[in-house]
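The structure appears right after this line, and notes come after that.
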Amino acid sequence: MKKRLLAGVLTAVMAVGMLAGCGSSDDKNSKKGGDSSEKLSFEIVSKGFQSTYWQAVYKGAKAKADELGVEINMVGPNTESDVADQVQMLNSAINANPPAIGFASLDTEACMDAIQSAMDSNIPIIGFDSGVPDAPEGAVYANASTDNYKAGQVAAEGMYKGIKDKIGNGQVRIGEVNQDATSESITQRGLGFIDKMIELLKADGFKVCVTGNDYYVGKAKGADGKEADADVIIEVAVPAETTTSSCQQVAEPVLQKADTIAVFGSNQVSAEGIVNANDTLKVCGPDKIVAVGFDSGSVLKAAVKDKTLYGAVTQAPVSIGEHMVQLLYDAANGKDVKDVDTGCQWYNSENIDSEEIAQNLYD
């Protein structure tokens, strides 16, 4: 990703006599502290605050902002379906003329005019979470995010340990619930899971077919053709809306199929949909359907502890917020910035309370 110095004058309050990347070290030091009127103030547009995941990102962002002596204004739409609302929020952020903007895009194509406006105003964009995929070259300076494709692979590897003994005695089904087929974090995670599961199954000599949502079926790598000939069917469900109740509605039919041996929910919302569906159906758990989630929150943590969920993958949302604000700060001070992979980890009932895992979980 192209890295460049911030050109032009920043806001009048912050930039008297100062060009980003061209001022003296004394100038930069004066921006980092001292008089509160000279504080850097960053605009951040997230995908929303509908899950505690985003609240954890904010927690990390606020902690880093306090450490650096800067201010942040973090906003987001009510749901991840509210693309138009997010575009309006991004335009408002640009109109505030900040030294840099943090952005996690719901739909980059819908934001193209706003992104161009940021470029025209010499405002660097720092992506976080899924970032801003397919943005014009030079618009996004760096991303702070999980490698979501790898994270999906981690989920598949974790699940496979629990289902190997269930495969080989007739056709079986693995469900996957993705809250959407548009945002890069969800699609990459979903495809990472599918591709790794296909790889693992085929390495053990099984034929695999992917059915369901057209996007995921078309993007999956290595699947065999006909459903009738498959040893394992991977069925991908995507709801009409990005809500827990909608994910629950599409999870229920998959969980009720007699040949279903496993199901994966690729983010907090979809995983909670699976847990809620199971509250009625009672089909997940030891010696039942192997259910795997993603992210954290009180619902998922409880489900992992009581083994309703076989396991889950956690990102490091607090770290994402911290790294995002650090990148905003560095870009505003004319430093070169680069992408930061904030990582992920598999957790289950055995390690959920360990120090290494617990630090990345949130309620």
Residue match in segment 205-215 (condition: at pLDDT 95 or above, closer than 27 Å to Asp279 by Cβ and not small (Gly, Ala, Ser)): yes
Every pair of residues 6+ apart whose Cβ atoms lie under 6 Å, when the first sits in segment 347-359 and is within 17 Å of Val154 (Cα to Cα) while the second is part of a loop (DSSP other than H, G, I, E, B): Ser349/Lys307; Ile357/Asn351
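Filter segment 273-291 down to the residues that are in a helix (DSSP H, G or I) and open to solvent by 40 Å² or more (accessible area, probe 1.4 Å) and list them by number.
Asn276, Asp279, Thr280, Leu281
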Candidate set: segment 292-317, residues that are part of a helix (DSSP H, G or I) and not hydrophobic (A, V, I, L, M, F, W, C); chosen: the one farthest from Ile163 (Cα to Cα): Pro317
Among residues of segment 317-339, those that are open to solvent by less than 10 Å² (accessible area, probe 1.4 Å) and under 21 Å from Ile186 (Cβ atoms), counted: 4
Checking Asn29 against (1) at pLDDT below 95; (2) polar (S, T, N, Q); (3) not in a helix (DSSP H, G or I), the condition it does not meet: (3)
Residue check for Met1: open to solvent by less than 70 Å² (accessible area, probe 1.4 Å), among the aliphatic types (A, V, I, L, M) and either modelled with pLDDT of 50 or more or in a loop (DSSP other than H, G, I, E, B) (or both): no
Top-ranked residue of segment 352-363 - restricted to ones that are assigned to a loop (DSSP other than H, G, I, E, B) and among the hydrophobic types (A, V, I, L, M, F, W, C), ranked as least open to solvent (accessible area, probe 1.4 Å): Ile352
Unmet requirement for Ser349, which otherwise passes all of (1) modelled with pLDDT of 95 or more; (2) small (Gly, Ala, Ser); (3) assigned to a loop (DSSP other than H, G, I, E, B); (4) open to solvent by less than 40 Å² (accessible area, probe 1.4 Å): (4)
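The values are calculated or read from the model by the stated rules, or taken from the named source; none is laboratory data. What you are looking at is a predicted structure, and each value in this text was computed from that prediction instead of being measured. Ideal geometry is used to build each Cβ from the backbone, glycine not excepted, and the neighbour counts take in all protein chains shown. Note: areas computed on protein heavy atoms with side chains; ligands, DNA, RNA excluded. Shrake-Rupley method; radii C 1.70, N 1.55, O 1.52, S 1.80 Å.
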